[in-house]
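Below you'll find the structure, written out as structure tokens, and then a few comments.
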Amino acid sequence: MKKTITEMTYIKRVSLACMLASTLFVANALTISPARLELSADPGATATNEFTIINEQSSEQTYYTSVENFEAQGESGTPNFSNTKEGFASWVQVAEKVTVKSGEKIKIPFTVTIPQDADAGGHFAAIFLSTIPPATKGGEVSVGAKVGMLMLLKVSGDIKEEGGVLSFFLKDNGRFVTKLPIDFVYRFNNDGNDRVKPSGTTTIKNMFWITTKEINANKTEGNVLPNSIRRFELTWGDEEPLPASASYFSHVKYEMRNFAMGLYFANLDLNFGTKSSSNTIWFVVLPWHLLIILIAIAGIIFIGLRSAFKRYNKFIIAQARLANAK
């Protein structure tokens, strides 16, 4: 019995692995553009649009469409999809399926009909294409590759802007770092009823208040959905960090190429909607591998200069004695 159960478990695992591999292949063989579409409309309006798909497989394929609402999941900005047939997903009309020849590029139109009583603010859904037909009976689950286009809809009306930066800090929560790159994190809270796309810069200044670096605060143009918190990460430094196992002098060379030392200030200036905010933190960079070498060189120079001065003084004293002896 144990052997049979083990064999069945193995077969299930192999089947699952094959299914996942097939899913990845199909997903990579279908391109959808744009990946994200931003829309604006009034309550009661009907908006038409389109997206493009390319079948990159070697044979003709039939793709089935589905529409799902989504909301924020955690602080990473990853969408959490729901197949409920309410809200934005129920406002979208798109062809149930489309057949595409190998290498063919086609445009798929769709319509969004906004109810007259739709809430003002943000609504979010995605149109998916899959090689597997959607489930038709309750409790059934469709398993297959899905490639989708995110839709971010703004319904006009009473738009509320509430929220802002909750915190701004170094990623390791410290104040002292040894070398670049340095990672910064800020957490943005959106308590309004529409998505927010923060924009701005983080300005790095040294102890003399001279600007050292300016970093785009939202390089990926990420949105913060209503009633959610999103974490944004920024990096000062372009070169990949060295592994801890790298040699001492490799660290010295790295710290010389990416030189930073002393007290610094990072100022985060953000704009979001009609609002803005500013946050500043301080930190210290101590490149100790390079510092030890610099201290050693300074010590050698100091000892050399001290010895030279002593010899020079002895020479002057000797010359003075010779002059007095005459």
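Read the figures in this text as sums done on the coordinates, not as results from a lab. Just so it is clear, the model here is predicted, and its values are computed rather than measured. So basically every Cβ, Gly included, is an ideal-geometry build from the backbone, and we count neighbours across all protein chains shown.
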- Along the dipole axis of the chain (charges at Cβ: +1 for Lys and Arg, -1 for Asp and Glu; origin at the Cα centre), the most positive-end residue among Thr31, Leu322, Gln73 is Leu322
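In debye to the nearest 20, how big a dipole does the chain give about its Cα centre with +1 on each Lys and Arg Cβ and -1 on each Asp and Glu Cβ? Don't skip to the answer; put the middle values down first.
Working: 34 positive and 30 negative charges, 529 e Å.
That gives a dipole near 2540 debye.
Can you sort Trp282, Trp209 so the residue with the fewest Cβ neighbours within 10 Å comes first?
Lowest to highest Cβ neighbour count: Trp209, Trp282.
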- Using 7 Å Cα-to-Cβ label points, what is the Phe176/Ala45 separation (nm, one decimal)? 5.8 nm
- Message: Please rank Ile303, Ile32, Ile53, fewest neighbouring Cβ atoms within 10 Å first, as an exposure proxy.
- Response: Ile303, Ile32, Ile53
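Using the number of other C-beta atoms within 10 angstrom as an exposure proxy, rank Asp194, Asp238 with the fewest first.
Working: Asp194 22, Asp238 8.
Ascending Cβ contact count within 10 Å gives the list Asp238, Asp194.
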- Message: Using the Karplus curve 6.51 cos²θ - 1.76 cosθ + 1.60 with θ = phi - 60°, what ³J(HN,Hα) values do you get for each residue of region 266-277, in whole Hz, with x for Gly and Pro?
- Response: 10, 10, 9, 10, 10, 10, 8, x, 9, 10, 8, 8
- Taking a crude spin-label model, label points 7 Å out from Cα along the C-beta direction, the Ser33 to Ala244 distance in nm is 4.5 nm
- Grab the beta carbon distance between Ser58 and Thr99, set R0 = 25 Å, and tell me the FRET efficiency rounded to 0.05. 0.95
- Message: Strictly over 21 Å apart at the Cα level, which of Lys171/Lys219; Lys97/Lys146; Lys105/Lys154; Lys179/Lys205; Lys171/Lys275; Lys179/Lys213 would you flag in this model?
- Response: Lys105/Lys154; Lys171/Lys275
- Task: Note the listed values (1) 0.96; (2) 1.23; (3) 1.07, then indicate which one is Rg/Rh (Cα atoms, Kirkwood Rh) calculated from this particular structure.
- Result: (2)
- Message: Using 0.36 nm times the number of residues separating Ile132 and Tyr312, minus their current alpha carbon distance, what extension gain do you get?
- Response: 55.7 nm
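Might you report the magnitude of the Cβ-based charge dipole of region 163-286 about its Cα centre, with Lys and Arg at +1 and Asp and Glu at -1, to the nearest 20 debye?
Values: 14 positive and 12 negative charges, 26 e Å.
Approximately 120 debye in magnitude.
How large is Rg over Rh for region 163-286, taking Rg from the Cα atoms and Rh as the Kirkwood inverse mean of 1/r across Cα pairs?
Details: Rg = 16.1 Å, Rh = 15.6 Å.
Value, to two decimals: 1.03.
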- So what's the Cα pair-distance distribution over region 29-155, bin width 5 Å, in %? 2, 10, 20, 22, 19, 14, 9, 3, 1, 0
- Note on the structure: Helix 248-257 sits off the longest principal axis of the Cα atoms of the chain, rounded to the nearest 10 on a 0 to 90 degree scale, by 80 degrees
- Nonlocal amide H pairs with Thr201, under 5 Å, H built at 1.01 Å: Ala217, Asp269
- Query: What net charge is computed for the residues neighbouring Val177, neighbours being all others with C-beta under 12 Å from the C-beta of Val177, Lys and Arg scored +1, Asp and Glu -1?
  - Reply: 0
- Whole-Hz ³J(HN,Hα) from phi, Karplus 6.51 cos²θ - 1.76 cosθ + 1.60, for region 56-73, glycine and proline x: 9, 7, 8, 9, 5, 10, 10, 10, 9, 9, 8, 10, 10, 6, 8, 9, 5, 10
- Cα gyration tensor of region 262-326 - equivalent ellipsoid semi-axes, whole Å, descending: 59, 15, 5
